[in-house]
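The values are calculated or read from the model by the stated rules, or taken from the named source; none is laboratory data. The shown structure was predicted, so the numbers you read here are calculated from the model rather than taken from an experiment. Here the Cβ is made from the backbone with ideal geometry for all residues, glycine too, and neighbour counts use every protein chain on show.
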Amino acid sequence: MYTLNERMETVDLGGSVTRKVLSYSENLMSCEMTFTKGAIGALHSHPHEQIGYVISGSFELEEENAGKQIIKAGDSYYIAPNVMHGVVALEDSKLLDIFTPMRKDFL
């Protein structure tokens, strides 16, 4: 399976955040998330495991029981299932988020 980014739908999530669902199967999903400076990914949790990679820019990442951490291009993070987490974009920024199992709510 090949996924050409330019052909994928960009979904406006509001608040200057967009999402593109990239390649996925029932067990795994990758998403490109774009934030403008100051945009907020509100605190939330979900039953999926999540690994994120900062493609560009920087964020303040908040994770339940771990506090806040500044992450920047090249950094990555892991979020366990059902753990509250969120971000604030410190500049125009982009993330690659990977979920297992796939996020049916994103389709």
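Residues of segment 74-104 being among the acidic types (D, E) and touching a residue at least 40 places away in the same chain (Cβ under 8 Å), which ones?
Let us first name the residues in segment 74-104 that are among the acidic types (D, E), namely 75, 91-92, 97.
Correct list: E91, D92, D97.
For the subset of segment 76-107 comprising residues that are of a type in the set (V, I, T) and under 13 Å from E26 (Cα atoms), which member is surrounded by the most Cβ atoms within 10 Å (Cβ to Cβ)?
Checked segment 76-107; the qualifying residue surrounded by the most Cβ atoms within 10 Å (Cβ to Cβ) is I98.
Before we move on, is I51 touching a Phe, Trp or Tyr at 6+ places or on another chain (Cβ under 8 Å), among the hydrophobic types (A, V, I, L, M, F, W, C) and closer than 22 Å to A80 by Cβ?
Here the answer is yes, as I51 does meet what is asked.
In segment 57-72, how many are small (G, A, S), in a loop (DSSP other than H, G, I, E, B) and surrounded by 14 or more Cβ atoms within 10 Å (Cβ to Cβ)?
Count: 1.
I need every pair where a residue in segment 58-69 that is within 12 Å of L43 (Cα to Cα) has its Cβ under 6 Å from the Cβ of a residue that is at pLDDT below 95, sequence separation at least 6 or different chains.
Every condition considered, no pair remains.
I'm checking my understanding of the structure. Among residues of segment 1-52 that are assigned to a strand (DSSP E or B) and of a type in the set (D, E), which one is surrounded by the most Cβ atoms within 10 Å (Cβ to Cβ)?
Within segment 1-52, the match that is surrounded by the most Cβ atoms within 10 Å (Cβ to Cβ) is E32.
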